[in-house]
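**Student:** Would you mind keeping the following structure in view while I ask a few things?
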Amino acid sequence: AFFKDGKYATALTMYEEFLSKNPGAYQVLLNIGDCYREKGEYDTAVQKYNLLIEQAAADPAMGKNMGAKGLAAIGLCFLKQGKLVESQDYFKKSIEMAPQDENLPYNVAEIYFSNQQIDDAIRYFEMAIQIKPDWPDPYYRLAFAYLNKGDNPKAIENLEKFIKLEPETERTAQAKAILEAIKK
């Protein structure tokens with residue numbers, strides 16, 4: 001809750017206290033790194049993410065997934081610093097580490113989308129779709145990416161796929177309204 005409210009110092013204190021009492025719960029290093037990243041302390045954030053990756057390597061159950069999240073988090077640090085080549089390298093390593101996890105390319109796509117790097121966002125949304133073709137979310141977001149590019153036929157195609165996969169929600173109503181506006 002503190003992290004979501006932007007109270008990173010308070011969240012950081014609580015995460016570190018939790019880790020000191022539960023040293024085996026290395027997964028909290030991701031949250032600790034996130035606090036430092038949001039405070040703009042990128043070097044410290046990267047150190048925490050690297051420690052997470054190192055400890056994840058010894059975890060047969062969740063290690064690959066946590067390591068991949070750590071790599072993606074490092075990529076986000078580089079992206080926030082405007083180091084695009086480095087960020088792309090880490091995003092790629094993240095997805096290679098856990099290629100079955102559709103959330104990784106989806107989250108990378110969201111990061112690129114929010115940074116107005118639409119072509120990269122499209123590539124990663126499509127990757128998420130390849131991993132899990134029946135997941136409606138990437139189709140929905142991909143439609144917005146294509147709308148940003150002015151590619152209405154591709155936007156329509158993805159909105160229609162989204163509606164087939166998620167027929168009765170608030171987002172579906174929004175998608176139908178967007179479709180109607182595009183087709184006019």
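**Student:** Rolling a 1.4 angstrom probe over the protein heavy atoms, how many square angstrom per residue are accessible across the chain?
**Tutor:** Numbers: 9880 Å² over 184 residues.
Heavy-atom accessible area per residue stands at 54 Å².
**Student:** Still on this structure, I have one more. For the stretch 1-50, give the percent of accessible area contributed by carbon and sulfur heavy atoms, probe 1.4 Å, rounded to a whole number. Please report the intermediate quantities before stating the final value.
**Tutor:** Working: 1450 of 2890 Å².
With neighbouring chains kept in place, the figure for the stretch 1-50 is 50 percent.
**Student:** Stretch Lys7-Lys80 to full length: gain in nm at 0.36 nm per residue minus the Cα-Cα span? Don't skip to the answer; put the middle values down first.
**Tutor:** Working: separation 73, 0.36 × 73 = 26.28 nm, distance 1.92 nm.
Extending this stretch completely gives an extra 24.4 nm.
**Student:** Is there a quick way to get the dipole size of the stretch 12-105? I mean about its Cα centre, with the Cβ of Lys and Arg at +1 and of Asp and Glu at -1; what is the value in debye to the nearest 20? If you can, show how the numbers build up before the last one.
**Tutor:** Values: 10 positive and 13 negative charges, 17 e Å.
With Lys and Arg at +1 and Asp and Glu at -1, about 80 debye.
**Student:** Can you tell me how the stretch 39-114 classifies by the Cα gyration tensor, rounded, prolate or oblate, using a/c under 1.5 as the rounded cut?
**Tutor:** On the way: a/c = 2.25, a/b = 1.22, b/c = 1.84.
Here the stretch 39-114 falls in the oblate category.
**Student:** If the viscosity is 1.306 mPa s and the temperature 10 °C, what Stokes-Einstein diffusion coefficient in µm²/s follows for the chain when Rh is the Kirkwood radius over Cα pairs?
**Tutor:** Details: Rh = 17.7 Å.
Answer, rounded: 90 µm²/s.
**Student:** As I understand it, the value is the acute angle between the Cα axis of helix 103-114 and the longest principal axis of the Cα atoms of the chain; what does it come to in degrees, rounded to 10?
**Tutor:** That works out to roughly 70 degrees.
**Student:** Which whole-number percentage describes the relative contact order of the chain, with Cα contacts under 8 Å and a sequence gap of 6 or more?
**Tutor:** On the way: 227 pairs, mean separation 18.9, N = 184.
Relative contact order, the chain: 10 percent.
**Student:** Measuring from centroid to centroid over Cα atoms, what is the spacing of the stretch 60-88 and the stretch 138-165 in Å?
**Tutor:** Comparing the Cα centres of the stretch 60-88 and the stretch 138-165, I get a distance of 27 Å.
**Student:** If you line up the long axis of helix 84-97 against the longest principal axis of the chain, both from Cα atoms, how many degrees apart are they, to the nearest 10?
**Tutor:** In the chain, helix 84-97 runs at an angle near 90 degrees to the longest axis.
**Student:** A further question on this structure: Beyond 30 Å between alpha-carbons counts as too far, so tell me which of Lys92/Lys154; Lys48/Lys161; Lys69/Lys132; Lys161/Lys184; Lys39/Lys176; Lys92/Lys183 fall in that bin. Before the final figure, lay out the partial values.
**Tutor:** Values: Lys92/Lys154 25 Å; Lys48/Lys161 40 Å; Lys69/Lys132 18 Å; Lys161/Lys184 19 Å; Lys39/Lys176 40 Å; Lys92/Lys183 36 Å.
With Cα atoms farther than 30 Å apart: Lys48/Lys161; Lys39/Lys176; Lys92/Lys183.
**Student:** If you take every residue apart from Phe113 with its C-beta less than 10 Å away from the C-beta of Phe113, what net charge results, scoring Lys and Arg +1 and Asp and Glu -1? Could you put the intermediate results ahead of the total?
**Tutor:** Working: positive: Arg141; negative: Glu110, Asp120.
Computed value for this residue: -1.
**Student:** Report, to the nearest 10°, how far helix 63-80 tilts away from the longest principal axis of the Cα atoms in the chain, using its own Cα long axis and a range of 0 to 90°.
**Tutor:** For 63-80 against the chain, the angle is about 80 degrees.
**Student:** What list of ³J(HN,Hα) values in whole Hz, one per residue of the stretch 175-180 in order, does the Karplus curve 6.51 cos²θ - 1.76 cosθ + 1.60 (θ = phi - 60°) give from phi, with Gly and Pro shown as x?
**Tutor:** So the Karplus estimates, Gly and Pro as x, are 4, 5, 5, 5, 4, 4 Hz.
**Student:** Report, in deg cm²/dmol and to the nearest 500, the calculated mean residue ellipticity at 222 nm for the chain, where each DSSP H run with n ≥ 4 adds -39500 (n - 2.57) and the sum is divided by the residue count. Provide the component values of the computation, followed by the final result.
**Tutor:** On the way: 10 runs with 140 residues, N = 184.
Mean residue ellipticity, 222 nm, calculated: -24500 deg cm²/dmol.
**Student:** Take the stretch 1-72, compute every pairwise Cα distance, and split them into 5 Å bins from 0; I just need the percent in each bin.
**Tutor:** Distribution as computed: 4, 19, 28, 24, 18, 6, 1 percent.
The values are calculated or read from the model by the stated rules, or taken from the named source; none is laboratory data. From a predicted model like this one, the values you see are computed outputs, not experimental measurements. Quick reminder, even Gly has a Cβ in these numbers, built from the backbone with ideal geometry, and neighbours come from all protein chains shown. Note: areas computed on protein heavy atoms with side chains; ligands, DNA, RNA excluded. Shrake-Rupley method; radii C 1.70, N 1.55, O 1.52, S 1.80 Å.
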